[in-house]
Amino acid sequence: MSNYSASDFKKGQPRWCPGCGDHFFLASLHKAMAEIGVAPSQTAVISGIGCSSRLPHYMATYGMNTIHGRAAAIATGCKVVNPSLAVWQVSGDGDGLAIGGNHFIHANRRNINLNMILLNNRIYGLTKGQYSPTSPRGFVSKSSPYGTVEDPFRPAELCFGARGHFFARAVATDAPGTIEVLKAAYNHKGASVCEILQNCVIFNNGTHDAVYSKEGRAKNAIYLKHGEKMLFGENNEYGIVQEGFNIKPVKLGEDGYTEADVLVHDAKCEDNTLQLKLAEMEWPVALGVIRDVEAPTYDDCVWSQIEEIKEKKKYHTFAELLETNDIWEVK
Amino acid sequence: MEIKEKESVVVRFSGDSGDGMQLAGNIFSTVSATVGNSISTFPDYPADIRAPQGSLTGVSGFQVHIGAEQVYTPGDLCDVLVAMNAAALKTQYRYAKPDAAIIIDTDSFGPKDLEKAQFASDDYLGEMGIDPDRVIACPLTTMVKNCLEGILDAKSILKCRNMFALGLVCWLFDRDLDVAFSFLREKFGGKPEVAEANIKVIQAGYDYGHNTHSSVANVYRIETKHKVPGRYMDITGNKATAYGFIAAAEKAGLKLYLGSYPITPATDVLHELSKHKSLGVVTVQCEDEIAGCASAVGASFAGALAVTSTSGPGICLKSEAMNLAVIMELPLVVLDVQRGGPATGLPTKSEQTDLLQALFGRNGESPMPVVAAASPTDCFEMAYAASKMALEHMTPVILMTDAYVANGSAAFKLPNLDEYPAINPPYVPEELKGSWTPYMRNAEGVRYWAVPGREGFEHILGGLEKDDKTGAISTNPENHDLMTRKRQAKIAAIPVPDLEVLGDKDDAELLIVGFGGTYGHLHAAMDELRSAGHKVALAHFRYINPLPKNTADVLRRYPKVVVAEQNMGQLAGWLRMKVDGFVPQQYNEVKGQPFKVAELVKAFEILNKE
């Protein structure tokens with residue numbers, strides 16, 4: 001059992017707008033950390049720039065609110081030097097996927113043991129309302145008054161394309177769902193991406209309306225659990241079935257579909273094809289742990305290689321290193 | 001045969017990229033260093049990885065200067081030029097003295113070779129205006145084939161041509177071959193048959209010289225005058241830099257972290273540090289230059305000696321993360337191995353054009369110490385000094401070297417780490433638990449370091465301005481002014497050694513001023529001027545920010561001062577900014593090549609007469 005309560009991780013008074021999704025997420029993060037039970041002194045929370053990147057200032061842990069887009073790279077250095085730290089990297093959709101897109105994909109590819117939070121409100125908030133790389137095509141914003149003419153990223157697709165091994169999704173207002181994915185992310189050894197759907201009340205109000213309320217989620221979301229049948233709807237009247245090379249939602253009892261046809265969720269499957277299809281469903285929106293596959297982590301491998309080479313090589317100090325060279329003596 | 005005593009000689013090995021000229025040059029310099037000669041080397045690689053064989057762009061050179069007394073540079077022009085093919089003779093002859101001996105492999109001067117090298121006729125010596133009496137023309141390939149037939153396959157035999165040339169040069173300079181033999185046996189430890197084949201070829205080259213040319217050519221002897229007893233190794237600047245970081249981390253009792261992205265001419269530092277996992281060195285080849293620096297900032301936060309290595313274009317990309325380390329006041333060493341710019345510029349060539357970028361190339365008031373290494377071996381000293389400075393003063397430090405010192409090599413007297421100063425980072429004292437805030441400073445104005453993992457010192461740093469007292473985000477105007485001044489004062493207060501004046505320090509009429517990798521050339525120029533009767537002194541900067549305390553005194557002491565640098569006047573400008581009323585003469589050259597001592601001497605003589 002954990003020795004900590006949420007208040008042990010809490011600090012200061014958040015300055016986000018009233019109703020901002022960041023408030024909900026922060027409260028869930030405090031609770032999740034308390035349940036995880038790693039001491040604040042052994043925890044580092046590292047963010048970039050943006051509304052959500054203010055988050056470390058409200059943590060009683062170690063942390064850094066750094067520069068735009070670089071949180072994943074900075075967290076990488078921190079984790080690889082001290083793998084015993086629990087390192088959380090917090091970015092918004094702009095910080096993580098636009099200016100920091102390169103670091104996002106490479107942290108996933110390397111599989112460094114970071115808990116990577118992507119707070120996705122599909123808008124630039126701190127710079128006051130420009131479209132982001134997750135804003136839908138045609139999105140009207142201050143910098144796209146006639147609508148955008150570009151397609152958005154789908155975060156799961158990027159994560160999977162970078163050979164990511166963990167992807168989970170939660171809605172900021174859904175505390176139990178958020179806490180669950182945060183704990184799963186911590187428990188997953190390797191880069192774990194949690195996409196948190198959150199609302200920006202000022203610049204993109206209602207962007208996640210379909211799933212933002214409990215009622216909405218009951219109708220429009222599916223909570224995925226590894227090893228369980230993928231049923232959803234207010235009375236579990238819907239299920240996800242396979243159709244040819246694809247999956248689709250069906251109503252049980254219609255078109256001859258029964259519960260026996262419903263697929264069982266497999267987050268541990270190495271092949272990510274169906275997991276990606278789940279992540280990209282527009283209805284229902286998949287929540288929970290979508291992919292959670294064990295793989296060697298970068299930080300473990302760095303240090304086990306160091307240990308292995310220490311055994312093999314005969315030099316372990318600077319003075320011994322010098323002796324490995326061709327040396328001559330002038331008398 | 002006549003044996004001539006010489007003070008110093010310069011040998012330039014040149015051939016196709018695949019001809020092994022670097023190895024031949026290396027062995028020759030090691031053999032010479034072993035008898036106590038002073039050495040200085042300069043490899044001159046083509047920019048292309050493997051240009052078409054025999055082409056003009058594919059020529060690779062290695063120049064070594066050996067001296068009875070201290071030599072400071074690889075030499076302007078060579079006394080002996082080895083040209084392994086026609087293209088090498090065509091492109092490298094301009095580095096030869098008018099009376100230089102020239103060794104060529106006549107087997108590589110066939111019609112096709114001459115065509116590739118753009119000779120108009122088969123009278124290549126005539127076209128170049130070379131007196132045939134100065135040429136040791138030998139059918140080198142044929143002789144190597146005869147020597148190794150049946151021992152190695154045809155392809156491997158050709159790879160040994162460089163050793164024949166080496167043997168010939170060893171004969172010319174009366175060198176003992178045993179050292180070369182043991183070098184090769186060590187190098188090809190796993191393949192004794194290759195080692196013995198190479199040895200056979202060296203001996204053959206030596207014997208060829210002895211038998212064929214003893215009546216026509218001179219043999220030179222370079223007797224060591226002032227031996228500094230001790231144990232030595234050959235080291236390049238980049239390797240010495242890597243060693244300096246390793247030494248500093250060990251002294252400080254810290255993990256060494258390098259975040260880097262490959263870039264010429266800095267990559268060898270990444271290569272070198274990646275080898276030494278048995279010392280616990282962590283190297284991460286990052287996704288880009290930005291991540292190289294950013295990850296190093298993260299590593300520093302986590303308590304490592306953090307380093308990022310790059311060249312000028314990489315500094316452009318790292319600037320923002322460097323600035324983050326400035327405002328977070330975390331230790332970091334940023335290595336800039338300068339090359340020709342701007343943009344991609346001249347990637348394999350050397351310049352000093354990043355100085356103002358290092359001093360000022362960041363947004364905001366962003367003071368950062370800048371130090372520069374003066375020679376290949378000085379890279380070790382300055383990497384150590386930069387690490388100590390960063391760790392003890394909680395600041396990023398820029399260490400500047402350049403392609404010339406990074407790739408050049410010299411004899412390195414093995415350092416004894418016990419004799420180096422301790423490195424004591426300002427870890428936050430345990431008794432401050434409960435009252436500590438992130439920007440509390442020690443008596444030197446340095447922020448304390450609380451490394452994650454310590455209970456009771458949890459804190460948040462960041463790129464936003466912080467309150468001096470509480471460490472919380474602050475936009476208070478008075479506080480920002482205060483923090484700006486504190487960061488400035490912290491850097492200004494870093495103690496650095498006084499500027500040393502060499503040469504005629506009491507009565508010089510001309511003071512030569514430089515920084516970084518031009519030390520050798522400026523020193524050699526000063527020596528020549530002094531032996532010609534001029535009163536000249538040299539003040540060479542290794543510490544550029546903060547400047548040594550005696551800088552103004554030194555610069556104002558002499559009637560004439562010339563600042564000589566491989567840029568358009570960046571050090572001169574910095575000194576003018578820092579020393580009231582200081583208006584020096586300038587000697588500026590931006591050719592991507594090391595200074596030529598003879599050209600410096602000429603220019604300084606004219607200056608001195610004016």
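We did not get these values from a lab; they are worked out from the coordinates using the rules stated. Nothing here was measured: the structure is a model prediction, and the numbers come from that model. Cβ sites come from the backbone with ideal geometry, for glycine too, and all protein chains shown count toward neighbours.
Cβ-to-Cβ counts within 10 Å put A:Asp22, A:Asp300, A:Asp151, A:Asp292 in ascending order as A:Asp151, A:Asp300, A:Asp292, A:Asp22, the fewest first. Over the C-alpha trace of the range A:6-212, radius of gyration and Dmax come out as 15.7, 49 angstrom.
In this calculation the C-beta distance from B:Lys227 to B:Lys97 is compared with R0 = 30 Å, giving a FRET efficiency of 0.65.
What number comes out for the charge environment of A:Ile99, summing +1 per Lys or Arg and -1 per Asp or Glu over other residues with Cβ under 13 Å away? Before the final figure, lay out each step's value.
On the way: positive: A:Arg70; negative: A:Asp93, A:Asp95, B:Asp288, B:Glu320.
Residues near A:Ile99 contribute -3 overall.
Comparing Cα centroids, the range A:97-125 and the range B:56-99 end up 52 angstrom apart. If you take the Cα centroid of the range B:594-610 and the Cα centroid of the range B:225-264, the two points sit 34 Å apart. Reducing the range B:392-423 and the range B:522-571 to their Cα centroids gives an inter-centroid distance of 22 Å. Taking the number of Cβ atoms within 10 Å of each Cβ as an exposure proxy, the fewest-first ranking of B:Val597, A:Val149 is A:Val149, B:Val597. Fully extending the segment from B:Asp580 to B:Leu464, taken as 0.36 nm per residue of separation minus the present Cα-Cα distance, adds 38.3 nm. Legend: mean number of C-beta atoms from other chains within 10 angstrom of residue C-beta atoms, peptide B:406-419, equals 2. Once the Cβ-Cβ distance between A:Glu294 and A:Thr258 is put in as r, and R0 is 30 Å, what FRET efficiency do you end up with, to the nearest 0.05? Efficiency, from the Cβ-Cβ distance: 0.35.
The simple spin-label model puts a point 7 Å past each Cα toward its Cβ; for B:Asp178 and A:Glu307 those points are separated by 4.7 nm.
As a footprinting exposure proxy, order A:His188, A:His103 by other Cβ within 10 Å, with the fewest listed first.
Fewest to most other Cβ atoms nearby, the residues stand as A:His188, A:His103.
Shielding value for B:313-325 is 1, the average number of Cβ atoms from other chains within 10 Å of each residue's Cβ. Among the listed pairs B:Lys187/B:Lys591; B:Lys155/B:Lys413; A:Lys10/B:Lys466, those whose Cα-Cα separation exceeds 29 Å are B:Lys187/B:Lys591; B:Lys155/B:Lys413.
So what is the relative contact order for the range A:6-212, in percent, with contacts set as C-alpha pairs under 8 Å and at least six apart?
Value for the range A:6-212: 21 percent.
Of all DSSP-defined beta bridges confined to the range B:234-419, some 15% are antiparallel rather than parallel.
A simple count of charges around B:Ala195, restricted to other residues whose Cβ falls under 11 Å of its Cβ and scoring Lys, Arg +1 and Asp, Glu -1, yields +1. Counted without the sites themselves, the longest stretch of chain A free of chymotrypsin sites (Phe, Trp or Tyr not before Pro) in a DSSP loop having at most 14 other beta carbon atoms within 10 Å is A:1-145. The antiparallel fraction among DSSP beta bridges confined to the protein assembly as shown stands at about 40%.
Work out the FRET efficiency for A:Lys142 and B:Asn479 from their Cβ-Cβ distance, taking R0 = 30 Å, and round it to the nearest 0.05. So, using R0 = 30 Å, E works out to roughly 0.40.
Our helix-only sum for the protein assembly as shown, with -39,500 (n - 2.57) per DSSP H run of n ≥ 4 divided by its residues, gives a mean residue ellipticity at 222 nm of -10500 deg cm²/dmol.
The HN-Hα couplings worked out from phi for the range B:594-610 by the Karplus form 6.51 cos²θ - 1.76 cosθ + 1.60 (θ = phi - 60°) are x, 3, 9, 4, 4, 5, 4, 4, 4, 5, 6, 4, 4, 4, 5, 7, 4 Hz, whole numbers, x standing for Gly and Pro.
For A:Gln89, the residues whose modelled amide H falls within less than 5 Å of its own, excluding neighbours fewer than 5 places apart on the same chain, are A:Ile46, A:Asn115, A:Met116, A:Ile117. DSSP bridge analysis restricted to chain B gives an antiparallel fraction near 35%, rounded to the nearest 5.
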